[in-house]
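Chemist: One structure is given below, represented as structure tokens, and several questions about it will come after.
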Amino acid sequence: MTTASPPPPDADARPLDRPPAAEGADSPARPARTRHARVTSRGQTAPVNGADFLTSALPDPVPPEGDAAGPWRFFNRELSWLAFNWRVLEEARNPRVPLLERLRFLSISATNLDEFYTVRVAGLRELARAGNTTPAVDGLSPAEQLVLINDNARSLMVEQQSVWTALRTEMAEAGLHLLTRADLAPDDRTHLREHFLSMVFPVLSPLAIDPAHPFPFIPNTGFCLALQLEEVATGRPLDALLPVPQQVDRFIALPGGDGARFLPLEELLLAHLDALFPGYTMRGHCAFRVLRDSDLELEEEAEDLVREFEVALKRRRRGEVVRLKISADAPEGLKALVMEELEVTPDEVIDIEGLIGMADLKELVLDSRRDLLWPSFTPRVPERVQDFDGDMFASIRQKDMLLHHPYETFDMVVRFLDQAARDPDVLAIKQTLYRTSRDSPIVAALCEAAENGKSVTALVELKARFDEAANIRQSRRLERSGAHVVYGFLNYKTHAKISAVVRREGGKLVTYTHFGTGNYHPITARIYTDLSLFTCDAALGRDATRVFNYLSGYARPELLENLAIAPLDLKSRLIELIEAEAEHARAGRPAQIWAKMNALIEPDVIDALYAASQAGVKIDLVIRGICGLRPGVTGLSENIRVKSIVGRFLEHSRIVCYGNGHGLPSEGARVFISSADWMDRNLNRRVETLVEIMNATVKAQIVSQIMAANLADVAQSWVLGPDGSFARRLPEEGGSEAFNCHRFFMENPSLSGRGKAGAADVPRLAHDRD
């Protein structure tokens, strides 16, 4: 069994690969005495529930830590996020994952941590510096959280270096070599000299540091070499900086040799300092990388939202430094100079023994080494679409259709809009855009539709973090084509995923609607698991139109027939449905809830789940990332289980199923898909959708296939314990393969969209109680 957590803060001196002394075998598992997720070292044996939630019994609950209304009942949001990133990092150690995919997981864990610092840590830091001592729902103040985050994240960064060392050894065995300048042969040096002068030298800006040359601005994620130089002729010392350009690949491929060979860019620069500082010799050097506060602050009374975002993006680039990574062997004088000029405190400095800037390792995930990557996978085209020769409208007219991405191709979403753009019977298209690709085929289709004279309304969310600049560009492109572009609310992000096409058919207007759980982004749709519901149901069409009117004209809908939206009634609807399930339990009827999402942290929803558990409702949750709910505690949550699935694809769909007095699965269940995670921001400060599934086939697909497979997964599942630790059991070498839901979805067709092919060959993992 593997646990994906660092050592506790009081065990920093213990090596990560050495487990602590085991507790007595007879001592009961109890929640930790802290108000945050307990962390345990790799290899430690911790209690773990059966990962197959579909067939295994509930584990024995543990005693409560205190009063049921106390803050201990919540796990800390930030530490729960860090626990997720530990699980991502653990995939880089998983021997069942191909080598270069493990390298990708390591890179992702580094990128994730960078973003966490620039947004979440930066926000807590600002609160702490302002003297804010208000505790979070788990009882921790901003300053207390920062201390725990610092201990946890430092352990995580040490473990990242350990993982990188192991991967680098395996890569060398597979013919992938990362060299230093000391490893270079004469022919290599000749080649690199030419490469340096032609491809790197023109973009470099070596910078002396003295009274005439003040310390330059280093942007967010800026990577630099700090140098101690000495003039050969006079012995005069000189401090200098050499920013490592982000416009040039971090790893330079070398020709010839055995296998693929690469040299880090910083090594190339250090090998050619004579061309940058002629007449000087190097006496000492170090590398460092900065992260800056990247949260945006907007003026509430901004007259032009696009212009305000452009100004805010420039401010972001110059935010305060929140983390400085620097070489552990940096000369003291250089380190002191960098710290002083960047105005960082010692607790914001991370000494790194190893590679700085691990996010760049994604460059070494080589398409040419297919033997070290996941086997290729081609998403399916729904049989019903093929039956109608690719006609999306005819396919949807026959019956509602649910696509499960990436197993079924996102190209169908693009085709839906492409067809609408060219169809003379289509009168209008309305579309939300939260994140999309640079050369987005979605935006291209909307532009073509507008240029063809159709009424096109696009809601572009400028506040999509780190995609603000891209969305500004897309909005201007749409406006130039003649589309009507709106930006929604200043105080709310529009996170809903809706596309509505109005078509003239037989003397009446029919609205074809797409509701999604993920972004209209064809690139991320290849690796994110999401759902796309296509329907021409009249009530859902009217609901979609009312939502767009709300977004474009602030006209709050008086009636929604089959939809709930945040921030108006989505949260209250969820809680009402949870409470209704509790009533079924109290009345002696079967009572169950299955739910799947990325994050669960909203305290009112968590308390509603606790109350339902206490009433006897059996609750199984698949939460990929942050989870503030503490499962398996007597008198609080003994009927709740939580697992996290981390594997080949990024779990992203949001689903909730209520037994409705029938248990699960059942034809009488109520089933919903949503764009919203159960977080305060999603339920109270964003525009989100919750769509009830009425079509029996689609409902069966969600409950008996998608949710059942997620609940049955063992191979990629981490089970959350009452103490906050996550644990996974990997099959023994030579043993049978554990059930893997991603493999199941890749190998088996979906119930919905089968057309003439029928559903006889479609497996169901769970069968209706009816």
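Chemist: Taking the 0 to 90 degree range and rounding to the nearest ten, how far is the long axis of helix 305-317 tilted relative to the main principal axis of the chain, both from C-alpha atoms?
Modeler: 40 degrees
Chemist: With contacts defined as alpha carbon pairs under 8 Å and 6 or more residues apart, what's the relative contact order of segment 639-770 in percent? Walk me through the numbers on the way to the answer.
Modeler: Working: 177 pairs, mean separation 36.8, N = 132.
Reported as a whole number, the value is 28 percent.
Chemist: State, to one decimal in nm, how far the label point of residue 394 lies from the label point of residue 486, with both points 7 Å from Cα in the Cβ direction.
Modeler: Between residue 394 and residue 486, the label points sit 3.5 nm apart.
Chemist: Still on this structure, please answer the following. Assign one of three labels to segment 484-563, namely rounded, prolate or oblate, based on the Cα gyration tensor with a ≥ b ≥ c the square roots of its eigenvalues; rounded applies when a/c is under 1.5, prolate when it is not and a/b is larger than b/c, and oblate otherwise. Before the final figure, lay out the partial values.
Modeler: Values: a/c = 1.84, a/b = 1.13, b/c = 1.63.
Verdict is oblate for segment 484-563.
Chemist: Follow-up. Hey, if you put +1 on the Cβ of every Lys and Arg and -1 on every Asp and Glu Cβ in the chain, which of 171, 136, 486 ends up farthest toward the positive end of that dipole?
Modeler: Working it through, the farthest residue towards the positive pole turns out to be 486.
Chemist: Going by the alpha-carbon gyration tensor, a ≥ b ≥ c the square roots of its eigenvalues, is the chain rounded (a/c under 1.5) or, if a/c is not under 1.5, prolate (a/b greater than b/c) versus oblate?
Modeler: Because a/c hits 1.5 or more and a/b exceeds b/c, the chain counts as prolate.
Chemist: Taking the Cα centre of the chain as the origin, how large is its charge dipole in debye, to the nearest 20, when only Lys and Arg (+1) and Asp and Glu (-1) carry charge on their Cβ atoms?
Modeler: Values: 89 positive and 107 negative charges, 304 e Å.
Around 1460 debye, computed over the chain.
Chemist: Here is a further query. Check the straight Cα-Cα distances from residue 699 and name the lysines below 21 Å, setting aside those fewer than 8 residues away within the same chain.
Modeler: Candidates past the 8-residue exclusion: 399, 497, 596, 618, 756.
Chemist: To the nearest 10 square angstrom, how much accessible area does residue 739 have with a 1.4 angstrom probe?
Modeler: Probe radius 1.4 Å; accessible area of residue 739 about 70 Å².
Chemist: Next question. Contact order normalised by length for the chain, with contacts defined as Cα pairs under 8 Å and 6 or more residues apart; what percent is it?
Modeler: Details: 1525 pairs, mean separation 109.9, N = 770.
Here the relative contact order equals 14 percent.
Chemist: Where does the charge balance sit around residue 505 when Lys and Arg score +1, Asp and Glu -1, over other residues with C-beta under 15 Å from its C-beta?
Modeler: 0
Chemist: Let me ask something else about it. So, by mean Cβ neighbours within 10 angstrom, what's the order for 537-547, 63-73 with the highest one leading?
Modeler: Ranked by mean Cβ neighbours within 10 Å, highest first: 537-547, 63-73.
Chemist: In terms of the Cα gyration tensor, with a ≥ b ≥ c the square roots of its eigenvalues, is segment 407-450 rounded because a/c is under 1.5, prolate because a/b exceeds b/c, or oblate?
Modeler: On the way: a/c = 1.99, a/b = 1.35, b/c = 1.48.
Because a/c hits 1.5 or more and a/b fails to exceed b/c, segment 407-450 counts as oblate.
Chemist: Could you please state, rounded to a whole Å, how far the C-alpha centre of segment 232-249 is from the C-alpha centre of segment 271-286?
Modeler: Computed from Cα coordinates, the inter-centre distance equals 6 Å.
Chemist: Just to confirm my numbers, what's the Cα centroid distance between segment 123-160 and segment 694-719 in Å?
Modeler: Here the two parts' Cα centres lie 36 Å apart.
Chemist: Determine the distance separating the Cα centre of segment 405-426 from the Cα centre of segment 573-603; give it in Å without decimals.
Modeler: Here the answer is 35 Å between Cα centres.
Chemist: What's the magnitude of the charge dipole for segment 150-206 around its Cα centre, counting Lys and Arg as +1 and Asp and Glu as -1 at the beta-carbon? Answer in Debye, nearest 20.
Modeler: Working: 5 positive and 8 negative charges, 47 e Å.
About 220 debye.
Chemist: Which FRET efficiency, nearest 0.05, do residue 129 and residue 730 yield, Cβ-Cβ r, R0 51 Å? Walk me through the numbers on the way to the answer.
Modeler: On the way: r = 43 Å, r/R0 = 0.85.
Plugging the Cβ-Cβ distance into 1/(1 + (r/R0)^6) gives 0.70.
Chemist: Report the one residue of 757, 683, 658 whose Cα lies farthest in the direction of the positive end of the charge dipole of segment 648-770 (charges on C-beta: Lys and Arg +1, Asp and Glu -1; origin at the Cα centre).
Modeler: It is 683.
Chemist: Can you give me the angle between helix 186-195 and the longest principal axis of the chain, using Cα atoms only, in degrees from 0 to 90, rounded to the nearest 10?
Modeler: Rounded to the nearest ten degrees, it is 70.
Chemist: Per residue, how large is the accessible surface of the chain? Use a 1.4 angstrom probe and give square angstrom. Working shown, then result.
Modeler: On the way: 31090 Å² over 770 residues.
For the chain, the per-residue accessible area is 40 Å².
Chemist: May I pose another question? Evaluate the charge dipole of segment 687-755 about its Cα centre and quote only its size in Debye, nearest 20, assuming +1 on the Cβ of each Lys and Arg and -1 on the Cβ of each Asp and Glu.
Modeler: Working: 5 positive and 8 negative charges, 48 e Å.
Computed charge dipole of segment 687-755: roughly 240 debye.
Chemist: If DNA, RNA and ligands are ignored and the probe is 1.4 Å, what is the ranking of 399, 756, 362, 335 by accessible area, most exposed first? Write down the numbers at each step before the final one.
Modeler: Values: 399 85, 756 175, 362 115, 335 40 Å².
Result, largest first: 756, 362, 399, 335.
Chemist: Once every DSSP H run of n ≥ 4 in the chain is given -39500 (n - 2.57) and the sum is divided by its residues, what mean residue ellipticity at 222 nm do you get, rounded to the nearest 500 deg cm²/dmol?
Modeler: Working: 21 runs with 235 residues, N = 770.
It lands at -9500 deg cm²/dmol.
Chemist: At 1.002 mPa s and 20 °C, plugging the Kirkwood radius over alpha-carbon pairs of segment 371-468 into Stokes-Einstein gives what diffusion coefficient in µm²/s?
Modeler: Details: Rh = 15.3 Å.
Rounded, D is 140 µm²/s.
Chemist: Okay, moving on. Among DSSP beta bridges lying fully in the chain, give the percent that are antiparallel, nearest 5. Provide the component values of the computation, followed by the final result.
Modeler: Values: 75 of 109 bridges.
Among the beta bridges of the chain, antiparallel pairing accounts for roughly 70 percent.
Chemist: May I ask which residue of 741, 668, 235 lies farthest towards the positive end of the charge dipole of the chain, with charges of +1 (Lys, Arg) and -1 (Asp, Glu) on Cβ and the Cα centre as origin?
Modeler: The residue sitting farthest along the positive end of the dipole is 668.
Chemist: Hey, another quick one. With each label point set 7 Å from Cα along the Cα-Cβ vector, what nm distance links residue 207 and residue 258?
Modeler: 4.3 nm
The values are calculated or read from the model by the stated rules, or taken from the named source; none is laboratory data. Since this is a predicted model, take the numbers as computed values, not measurements. Here the Cβ is made from the backbone with ideal geometry for all residues, glycine too, and neighbour counts use every protein chain on show. Areas reflect the complete protein model, heavy atoms only, side chains present, ligands, DNA and RNA absent. Shrake-Rupley method; radii C 1.70, N 1.55, O 1.52, S 1.80 Å.
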